[in-house]
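These notes concern the structure reproduced below.
The values are calculated or read from the model by the stated rules, or taken from the named source; none is laboratory data. Just so you know, these numbers come straight off a predicted model, no measurement behind them. Heads up, the Cβs are rebuilt from the backbone with ideal geometry, glycines too, and the neighbour counts pull from every protein chain shown. Protein only, heavy atoms only, side chains kept; ligands, DNA and RNA dropped before computing areas. Shrake-Rupley method; radii C 1.70, N 1.55, O 1.52, S 1.80 Å.
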Amino acid sequence: MRRFISHKTINLISKTTTSTISSSSPDSPSLSPNSPLASLLRFFSTLHPSSMASDYSATPITIDNINPKVLKCEYAVRGEIVSIAQTLQQNLKDNPGSHPFDEILYCNIGNPQSLAQQPITFFREVLALCDHPSILDKSETQGLFSADAIERAFQILEQIPGRATGAYSHSQGIKGLRDTIASGMKARDGFPADPNDLFLTDGASPAVHMMMQLLIRSENDGILCPIPQYPLYSASIALHGGTLVPYYLDEQTGWGLEISELEHQLKTAKSKGIDVRALVVINPGNPTGQVLGEANQREIVEFCKKEGLVLLADEVYQENVYVPDKKFHSFKKISRSMGYGETDISLVSFQSVSKGFYGECGKRGGYMEVTGFSPEVREQIYKLASVNLCSNISGQILASLIMSPPKVGDESYKSFSAEKEAILSSLARRAKTLEDALNSLEGVTCNRAEGAMYLFPCINLPDKAIKAAEEAKTAPDAFYAKHLLNATGIVVVPGSGFRQVPGTWHFRCTILPQEEKIPAIVSRLTEFHKKFMDEFRG
């Protein structure tokens with residue numbers, strides 16, 4: 001694997017270097033032996049496959065005979081740009097001063113704690129006590145942990161088989177924790193939730209895969225997905241052998257979801273013999289950051305009801321809303337408020353501990369609520385969950401904690417509320433600063449950041465840059481992103497990795513770097529963009 005990645009990255013950097021040289025103006029200096037890219041290429045020469053003499057020609061598995069669905073699957077968030085960035089980071093460590101920047105700024109993925117966001121104290125206290133319950137009996141624990149964290153840990157441990165977080169649980173998750181989550185959902189929505197409808201998973205991603213396994217029978221089965229979309233959906237549909245049916249969000253109306261577009265794409269898919277089985281809605285949006293209004297959500301529910309589609313509601317950013325005129329409403333709440341019950345509409349909603357203000361990506365906690373399926377189908381979903389035995393217990397505990405945080409009167413309430421507010425208000429400021437900066441750049445337009453953790457600006461690239469990208473055999477927005485990385489150390493994801501309206505180019509940038517680093521990102525990006533546009537203006 002290291003051999004493959006090294007070779008691939010050398011080729012990518014070589015292409016970028018070649019395109020940089022060939023597309024530079026006559027006055028531009030040639031590639032110096034001491035330049036950053038030359039240093040990087042020298043670094044990679046030590047890892048070239050020719051120096052690693054392993055010969056796999058006799059092995060039974062080759063790139064030509066593995067599952068073609070795996071080859072078809074792509075996941076841009078951790079794609080080639082990130083591979084180059086990781087190499088540059090190692091190069092900076094080994095050769096300080098070898099590049100025109102001193103650190104890599106990862107703006108490519110929603111991974112808050114990797115960018116120095118601190119975990120919520122109450123959550124970590126409860127986790128620590130549950131993982132090492134013997135300290136509950138020590139006298140000094142009272143002075144180290146809050147009283148409500150100690151009490152919550154006792155409650156949770158009583159619900160875990162053997163009081164051990166290292167034990168397997170029920171395949172849907174620990175019943176007591178599902179009870180807690182269901183109570184939290186009722187408090188959020190005003191409508192009851194059944195703990196037996198909940199499946200606790202290692203983050204939301206396995207839940208999405210589980211539903212794709214259930215729904216997709218062949219390539220003739222289609223899933224309606226928003227474009228731009230989070231690559232998990234295109235990847236999971238490809239892996240399970242289905243067909244992604246795109247519906248395009250309207251960038252001109254703030255990434256609006258138009259029912260007429262859904263109807264058009266559904267009709268087109270049916271004309272091609274595709275049996276469309278479900279509609280994916282991401283709210284708040286990833287990578288687009290919009291928050292749906294209630295009226296629009298009602299239209300979506302009616303559309304699914306009318307067309308007999310399963311509504312797959314990705315709601316992992318439900319805590320991330322930054323504008324006063326928008327509010328998150330779950331599709332469960334919307335559908336129940338419309339009078340639709342259990343047998344009226346099939347709805348699966350996804351939640352995760354990775355996002356929100358908690359950002360516990362590495363703990364891998366999440367769940368899906370499955371409603372509107374017959375007992376026979378529910379048995380099959382349970383069977384799929386059972387194949388994986390159970391999700392990890394720490395993630396299950398966190399999932400219960402985010403849906404049942406400290407309340408008024410609890411010892412931890414004030415500190416919890418202060419930590420939550422500090423994180424969310426800072427994210428809102430960061431989003432606005434980056435949004436304004438992007439909109440100040442030549443040829444760049446960026447919709448308002450209403451929610452989630454990302455901005456998705458549109459770049460109007462010069463024809464000369466597009467031609468250079470074609471010569472380098474890469475997408476124009478990937479060409480831009482590679483140049484940005486090599487010049488500034490800023491890592492973004494090309495919009496082509498999320499799909500987009502043909503002929504438009506974007507990139508996704510997170511708002512997660514710590515607030516004190518945002519001015520440096522703005523400064524580096526602004527300077528780079530001006531030079532890039534000047535170089536390729538024509």
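No other residue among 117, 113 is open to solvent by 20 Å² or more (accessible area, probe 1.4 Å) and either under 17 Å from residue 353 (Cα atoms) or outside any loop (DSSP other than H, G, I, E, B) (or both) apart from 113.
Each row is one residue, and each column tells you yes or no for (1) of a type in the set (D, E, K, R); (2) under 29 Å from residue 127 (Cα atoms).
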{"residue": "288", "(1), (2)": "no, no"}
{"residue": "308", "(1), (2)": "no, no"}
{"residue": "313", "(1), (2)": "no, yes"}
{"residue": "316", "(1), (2)": "no, yes"}
{"residue": "342", "(1), (2)": "yes, no"}
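Hey, among the residues in the range 139-163 that are among the small types (Gly, Ala, Ser) and open to solvent by 40 Å² or more (accessible area, probe 1.4 Å), which one's nearest to residue 204 (Cα to Cα)? Looking at residues that are among the small types (Gly, Ala, Ser) and open to solvent by 40 Å² or more (accessible area, probe 1.4 Å), I get 162. Residues that are buried (at least 24 other Cβ atoms within 10 Å of the Cβ), of a type in the set (S, T, N, Q) and touching a Lys or Arg at 6+ places or on another chain (Cβ under 8 Å): does the range 381-391 have at least one? For the range 381-391, residues buried (at least 24 other Cβ atoms within 10 Å of the Cβ), of a type in the set (S, T, N, Q) and touching a Lys or Arg at 6+ places or on another chain (Cβ under 8 Å): present.
Of all residues in the range 310-322, those satisfying the criterion of being touching a helix residue (DSSP H, G or I) at 6+ places or on another chain (Cβ under 8 Å) and open to solvent by 10 Å² or more (accessible area, probe 1.4 Å) are 310, 314, 316, 319, 322. Quick check, is residue 512 farther than 19 Å from residue 288 by Cα, at pLDDT 90 or above and crowded, with 16+ Cβ neighbours inside 10 Å? So residue 512 does not fit the description; no.
Among the candidates 414, 432, the residue that is out of contact with any helix residue (DSSP H, G or I) (no Cβ under 6 Å at 6 or more places or on another chain), within 30 Å of residue 160 (Cα to Cα) and either open to solvent by 60 Å² or more (accessible area, probe 1.4 Å) or among the charged types (D, E, K, R) (or both) is uniquely 414.
Take the conditions more than 24 Å from residue 459 (Cβ to Cβ), part of a strand (DSSP E or B) and open to solvent by 10 Å² or more (accessible area, probe 1.4 Å) and apply them to residue 188. Does it pass? Spelling it out, it is not the case that residue 188 is more than 24 Å from residue 459 (Cβ to Cβ), part of a strand (DSSP E or B) and open to solvent by 10 Å² or more (accessible area, probe 1.4 Å).
The selection criterion, being open to solvent by less than 60 Å² (accessible area, probe 1.4 Å), within 23 Å of the chain's Cα centre (by Cα) and among the charged types (D, E, K, R), does not hold for residue 261. The residue list 245, 281 contains one member that is of a type in the set (Val, Ile, Thr) and touching a residue at least 40 places away in the same chain (Cβ under 8 Å), which is 281.
Applying a threshold of 9 Å to beta carbon distances and a minimum spacing of six or more residues, or different chains, the list of pairs starting in the range 157-169 at a residue that is without any contact (Cβ under 8 Å) to a residue 24 or more places away in the chain and ending at one that is surrounded by fewer than 12 Cβ atoms within 10 Å (Cβ to Cβ) and not aliphatic (A, V, I, L, M) reads 161/168. Within the range 485-518, the residues that satisfy the criterion of being in contact (Cβ under 8 Å) with a residue 60 or more places away in the chain and in a helix (DSSP H, G or I) are 485, 486, 487, 488, 495, 496, 497, 515, 517, 518.
Every residue, every condition in (1) within 14 Å of residue 438 (Cβ to Cβ); (2) within 22 Å of the chain's Cα centre (by Cα), yes or no:
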{"position": "468", "(1), (2)": "no, no"}
{"position": "473", "(1), (2)": "no, no"}
{"position": "482", "(1), (2)": "no, yes"}
{"position": "488", "(1), (2)": "no, no"}
{"position": "507", "(1), (2)": "yes, yes"}
{"position": "521", "(1), (2)": "yes, yes"}
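If you check 231, 226 for being open to solvent by less than 10 Å² (accessible area, probe 1.4 Å), in contact with a Gly (Cβ under 7 Å, 6 or more places away or on another chain) and of a type outside the set (Gly, Ala, Ser), only one passes: 231. Beta carbons closer than 7 Å, at least 6 apart along the sequence or on distinct chains, pair a first residue in the range 423-438 that is within 11 Å of residue 512 (Cα to Cα) and among the small types (Gly, Ala, Ser) with a second that is open to solvent by 20 Å² or more (accessible area, probe 1.4 Å) and in a helix (DSSP H, G or I) for 426/515.
Tally time: how many residues in the range 450-460 are open to solvent by less than 10 Å² (accessible area, probe 1.4 Å) and either over 20 Å from the mean Cα position of the chain (by Cα) or among the hydrophobic types (A, V, I, L, M, F, W, C) (or both)? Summing the residues that are open to solvent by less than 10 Å² (accessible area, probe 1.4 Å) and either over 20 Å from the mean Cα position of the chain (by Cα) or among the hydrophobic types (A, V, I, L, M, F, W, C) (or both) in the range 450-460 gives 5.
Could you list, in sequence order, the residues of the range 191-201 that are among the aliphatic types (A, V, I, L, M) and either in a helix (DSSP H, G or I) or closer than 15 Å to residue 347 by Cα (or both)? Those that are among the aliphatic types (A, V, I, L, M) and either in a helix (DSSP H, G or I) or closer than 15 Å to residue 347 by Cα (or both): 193, 198.
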